[in-house]
Every structure is written in structure tokens, then in C-alpha cells.
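Structure first, then comments.
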Amino acid sequence: MFNFLKGVVGGSGGGQKDLPYNIGDPYPSAWSSWSHFRGTSKDDGSPVSIFSLSGSNPQDGRLAAGRNGVKRLRTVRHPNILSFLYSTEVETVDGSGTKVTIYIVTEPAMPLSEKIKELSLEGTQRDEYYAWGLHQIAKAVSFLNNDCKLVHGNVCLESVVVTQTLDWKLHAFDVLSEYDGTSGTATGPMLPYEWLVGSQYKSVELAKSDWVAIRKSPPWAIDSWGLGCLIYEIFSGMKLGKTEELRNTASIPKSLLPDYQRLLSSTPSRRLNASKLIENSEYFQNKLVDTIHFMEILSLKDSVEKDTFFRKLPNLTEQLPRQIVLKKLFPLLTSALEYGSAAAPALTALLKIGSWLSAEEYTLKVLPTIIKLFASNDRAIRVALLQHIDQYGESLSARVVDEQVYPHVATGFVDTSSILRELTLKSMLIMAPKLSQRNLSGSLLKYLSKLQVDEEPAIRTNTTILLGNIASFLNDGTRKRVLINAFTVRALRDTFSPARGAGVMALCATSSYYDTTEIATRILPNIVVLTIDPDSDVRSKVFQAVDQFMQILKQSNEKSNAGDTAHAGSLGLASMPGNAGLLEWAMSSLTLKGKPSDQAPIAASNSVRPVTTTTAASSVRVSSSSDFADAPAPPSPTSTDGWGEIENGIHEEQYSDKDGWDDIEPLEEPKPSSVLANIQAAQKRPVSQPKPQATSLRSKSTVKAVATKDEDDDLWGSIAVPTPKIASKSLKVKTSGAVEDDDPWAAIAAPPPTTKAKPLSAGRGRGTKAAAPKLGAQRINRTSSSGMQ
């Protein structure tokens, strides 16, 4: 029999040298003759608890009880019972004889008495935590007594430990035995190792060893008495010395006193069952117990209950013990979010609790959960993530953003929800600095080109603002190709007045990236016409912009006259004091619905804020040209961003009068006012340049063919810097196909039609196919344009 028990205990290991754990420092207290040590795993260094019991005689009764405790702890599993990991029994021979040591390895835990001293809770928070702990121990005792028909036999302060998540767990199963109350003829002890229990913890019938009365009592009678002893030791703050001390109820909370007295009833059959204590006690009805209990059964709650609970949780966490929230509630919250059982408002509580952590803990415990949530298909979760990105965005590394976060966030650019599109757009203020050039120039700009023609005017406006804010992160080739065209051709011609104002301010904020030729021939002609804009806020911004760009040209002229031509053509924002400011969002949320033309001009408070603003929660400073004077420009990658391919070389010769937007149809909107129509007509009028006679001649049929091209084929494919004209070659009239071939950025556009354009006389309908050629005289075209019949 002894060999069998030894095999059961030692089955998990072969000896101390084979123990896969390192034994650390001991705790000052442990149950009975056991010693409690800190420990770590030799494999991964994870913390554990190691209990050891030694005896000089293999037949020692304490060792036999210890083997019983190992067997019981190994086979009984419950959330509120200490988790068993490993056990072994070691025999060592010394000069005096053989020494036997039993080792039990469990999840990391520390004695309850030590944890109470460490937490140092007071007042209401102390009572709430004690209530939660007693609630857990009562559930463990109820499980043993009512479900397993087992009697623990020694529930007290030393038989309770606390885990890293501050859960109370029951252990010390040496005395544990089956309840055999149904056996009326049995006369021997029901608890073979009851002699290990201190006399102060024994109930009246157990102290008398009245086994007949014990067997006639309910299964919970002995352990209910033990619960009463535990309650006394917790609230009195000292170990029970003798049974009579249980009568001192001064330290027991009034709401718990009636249940305490019933647990310690002198009549075993009248003692309170642990299950009834859990269900009926008023003491367990508090915020901490209710909150943790709700989280533990979260999967059983409906969506309305979840939403209500998580909306109250951020404020509730302020009222609960901070350590309990961080070590118990926070792990439950992260697990619920990762596995999809928590509602979107839970993210607010997660970030609030996470703000109490150190930077290292935040990186280890909060960011992994957030990164996983970006892959969620729940639109509410995605909206919540983007709404709070300012709280965690800076903590995300560039590699994580570029490889794991951005691919999921980018799907929001094409989402059918306008709210999600706008939030995705605004999140780029934080993400853009961490994106690689491949994602920045190749992917992000392609989405922004679509958003500049979005049906929501607020999104179009904020897209322009975003372009101005991220201009410093683009390489030189991309800036040359994108900025002027995006701000002038699209933003300044928008029917929504804040969008036009945003375009003007974006040009001013990025003036360091334009040379004098671009300012004189492409920027000023487009903004001067807005000096008669119907919106006063736009007009005021335009006058500021005109003054700024004229000052740049004047300084360039002065430097040219002084002989300094090296920097005369690239004088920008760096020379203009007070303009290294910020572009802020035109509106805080998407509240404008419908078509852009349906919106009246909004007040100046909702329009683009001045670039001289110095602080804002959702803005990024546009760096001046001096920030990049010494930094080499990164190479220009092949672009697929909607603006076409990037030219590695930028020609500084005179630009043609073609602005590159002739083949893009405007948005479908009602006819603008007469003033605005005149401005738009002036904007579309080319800037006159001295050119050969043949250059001014252009076939009307060519312009018409280009104008009818579908704008969805290539949104920004033709807004690149025009190529310089060569005087030796005269401009010939081209068809639409020839114009497209001459566009060096049309690579991303839809492929041109495979059939060539035919004269209108070749067929009456647009879809009419050319007649098949026939033999003989019928091959002569008798309806040619020459008029011959």
C-alpha cells in the first residue's frame, strides 16, 4: 500500500535533481508542517509556488497525510482551488538515517496573511476586497461539500493563498476526506488525519471526536465552522488563539454578523450552508463582487446588458481598489476583447486602466490586445479604435504600424460608412509618420485621391488638410507631382467653401516646397480669382496667401538682383516668419450629410484654422524647408497612388498652359451661383505663356474627346507637372488617344480603348460598329467629309 501511494505521489518526477523548478526564498508562514517557497520554472522562468514536507520516518503520519493532500489536490479541480502542476517525493540518506521530502508545485501564490499586509487596504475598499475573497472561498467549500461530498476539515487563514490576480484559493488538503454520513453502522473516525487540525479550529463535535454526531450532521457542518474561523481571523487581523475568541464580534461587519453567527452555531444541523451564504448574504452585494461576477459570466449576457455595463465601467473603475482593477479586472477585460465577447465601449475602459500602467507594462499588456483588435470585422470595434488612436498611437512602433496595423486600417478608406471613412482619414495624422514610402506614396495617396472627390464635403475638406500635414513625409518627387494639383485643381474648385479655404491654407503651409516658377505660373493664378469668392472667410485667407506668395517672389527677386541665384528659385516658407504652424481639421466630426452642393457655407469657426495655431490634439506641424536642408531626398518609388508615376527628374522650364485636369469631369452637382461659376471659369482658363503660333491652335474635337473620358479611369493620373515644350517642334492636333500617350503619369489609368476613334459620319449611334469592307465599287466612301457623292 505504501509503495502504491509513493508511486502516485512521485509519478510526476524522479527526484530533487530532476525537479524542473528552481526553489527560491521561503514565505514566513504556511499551513501545518509544510514550508512554502517561491520558485521558477527551469524551462521558461515562469513563477510557481513550491510546497515541501519532510519527515525522518517513511511511516510518519504527517508524510501519509501529505501524500493524501497531494492526491486530493491533483484530482480535485475548481477555479477557487489552488491549481496543481507537479509533485515528487525525494529520499536522502545522511548519517542519522533516511529523510523523505514531498514536493508539490502549484501556480504562483502567496499566503493570505502576507498579501493582506502588502495591500494595506482600508475602509470600504478593504471590505469589498474581503467580500470578494470570502465569496471565492465559500464557493470552493460549497463545491467540496455539496458537489463532491468531501470534507476539507481545516478551513482557516493558513489554508488560503492568493494568486497573482488577487484571487483567493483554498489548499491544504491533507485532512480532506469523503463524507460517509450514509453509513449508519460506521464507528471509526471519518477524518483519519483530524489530529493535524489545531484545537482552536475544531467544532464542538469534532473536539469531542463524536463521530456518530458528525455522521448525522450535514456534509457542510465542519467546514461551515471553519468558514466562521476564517472570517474572524480576517477581520480581527490576528490568528485565532482559542475557540472562545470567536465570541468577540466587535470587528465583524454588521451586514455579515448574522451569517457569521449561523456559521458558528453550536448545533451542527443548524449551521449555514456555504451555498446559502453565497446566495443570501447582504455582505456580498457590493460593486467589486458584482463587477467581477459580471465579467466572469460575460458570455451569458445579451448585447444590451454588455453595452450598459461597459459604458459605466470607466467611471466604476475609479471607485474600486486600484490593485484589484489592475490585477484582476484588467486581465478579464483584455481576454473578453480578444475573444469577441466584449462590446466596443469596453475599449474605453481598457485604455483608461492601461493609463495607470508603466510604459513597459503598457507595451506588454495593452498594445498586443489593441493590435489584435485591428483585425476585427466588427465595425463598432474599428470605430472605437480610431476614435481613441491618439491615446495609444504614439506607443505603436513604426514596424507594427506599417506591417500589422495599416493594412487593416486602410480598408476604412473605401467603407460605405462616412463616419468610418472620416475617422480613418484622421488617424493618418498619427500613422503617416510611421509608414514606409511604399505604403505612404504607393497606397495612402491613392486612397486620398479618391477621398478628394468623396460625396461628403467634410471628408473632402479634411483630405486636403491631411495632405498639407503629411507633406513633410513625402519624398521630393511625390510632392512636386501631387501637392499643387491636389490643392488647386481639386480643393480650390470645390463648391464647398471650407474645402476651398482648406486648399488655400494648405498651399500656404507647404509653400517651402514650391519654387518661384510654380508660384508665379501655377499657384497665384489659381488663388487670385478667389479674391471675389462669395465666402468672406475664403476671401480673407486668399488675401493672406497672396501676400505671402508675393513676399516670397519679392525676396527671390531681391536675391537675384544681389547676385545670389543659388537659392532664388527655391525661396519658400522658411523665409517667411510666423508660418511654420499647424493645419487643423476643418470640423471635429462628420455632421454634414448629403451632397456638397446642398451645404451652405459654414461659419468661420468650422472652417480651416489658421496655420499660426501652435497646439492642437489632432494636428501635425508642417516642417519648414530648413528641416530638410541637410537631409537627402529619398528615392522616388514607382507610384500607384492615383496621381500617376513619379518622375525622378523635375524640369524647371516653362510649363505649358495645360493643367492636367482637362480629362476629369467635375462632380455631379447643381449649377453653382453666378459668382462662383465665374471663379471656376477663370480657374480653368490657362495661364498665357509666350509660345509659337502653332501652339495656340488646338482641335476642338480633341478637347471634346478628352472631356468625355470617364473620371473613374484615372482620378489623379493627369495632374503631374507638364513636360517642357520644345520650340523646334510645333504642337500638332491630337486625338484623345494621342493626348493620353503624351501623359507620362497615365500608367495607372485604365487601358485605352483598343479601337481607334472614327468620324461621326461613320455611324449614327455611339455603339454603332463600322461597316464591314466590301469588294468592288462599294469600297469607295461616298459620304466622306469632303462632300463628294
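Results, tabulated for the structure shown:
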{"quantity": "Modelled FRET efficiency - R0 45 Å, MET238 with GLN59, Cβ distances, 0.05 increments", "calculated": "0.80"}
{"quantity": "Gain upon complete extension [SER299, GLN285; 0.36 nm per residue less C-alpha separation]", "calculated": "2.9 nm"}
{"quantity": "Segment 38-174 - percent relative contact order, Cα under 8 Å, separation 6 or more", "calculated": "29"}
{"quantity": "Over segment 21-107, relative contact order from alpha-carbon pairs under 8 Å, at least 6 apart, %", "calculated": "27"}
{"quantity": "Among 242-249, 60-67, the order from most to least packed when residues are scored by Cβ within 10 Å on average", "calculated": "60-67, 242-249"}
{"quantity": "Sequence-distant residues sharing a close amide H with CYS148 (under 5 Å, placed H)", "calculated": "none"}
{"quantity": "All-pairs Cα distance distribution in segment 123-232, expressed in whole percent, bin size 5 Å", "calculated": "2, 12, 23, 24, 17, 10, 6, 4, 2, 0, 0"}
{"quantity": "In Hz, Karplus ³J(HN,Hα) per residue of segment 383-390 (6.51, -1.76, 1.60; θ = phi - 60°; x = Gly, Pro)", "calculated": "5, 5, 4, 6, 5, 10, 5, 5"}
{"quantity": "Accessible area of segment 21-107 divided out per residue, in Å², using a probe of 1.4 angstrom", "calculated": "44"}
{"quantity": "Convex hull of segment 31-190 built on C-alpha atoms - directionally averaged projected area, nm²", "calculated": "12.0"}
{"quantity": "Environment charge at VAL151 (Cβ cut-off 9 Å; Lys +1, Arg +1, Asp -1, Glu -1)", "calculated": "-1"}
{"quantity": "Length gained when the stretch VAL414-VAL204 is fully extended (0.36 nm per residue, less Cα-Cα span)", "calculated": "68.1 nm"}
{"quantity": "Pairs beyond 31 Å (Cα-Cα), from LYS42/LYS139; LYS169/LYS352; LYS434/LYS559", "calculated": "LYS42/LYS139; LYS434/LYS559"}
{"quantity": "Nonlocal amide H pairs with LEU85, under 5 Å, H built at 1.01 Å", "calculated": "VAL105, THR106, GLU107"}
{"quantity": "Estimated FRET transfer efficiency when R0 is 60 angstrom, pair SER395-VAL212 (beta carbons, to 0.05)", "calculated": "0.35"}
{"quantity": "Mean Cβ count within 10 Å, highest first, over the residues of peptides 203-210, 228-235", "calculated": "228-235, 203-210"}
{"quantity": "Calculated FRET value between SER96 and ASP307, using beta carbons and R₀ = 60 Å, to 0.05", "calculated": "0.30"}
{"quantity": "Segment 111-288 - percent of accessible surface contributed by carbon and sulfur, probe 1.4 Å", "calculated": "48"}
{"quantity": "Hz values of 3J(HN,Hα) by residue in segment 40-46 - Karplus curve (6.51, -1.76, 1.60), Gly and Pro given as x", "calculated": "9, 6, 6, 7, 10, x, 5"}
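The values are calculated or read from the model by the stated rules, or taken from the named source; none is laboratory data. Everything numeric here is computed off the predicted structure, so don't read it as measured data. FYI the Cβ positions are ideal-geometry reconstructions off the backbone, even for glycines, and counts take in every protein chain you see. Note: areas computed on protein heavy atoms with side chains; ligands, DNA, RNA excluded. Shrake-Rupley method; radii C 1.70, N 1.55, O 1.52, S 1.80 Å.
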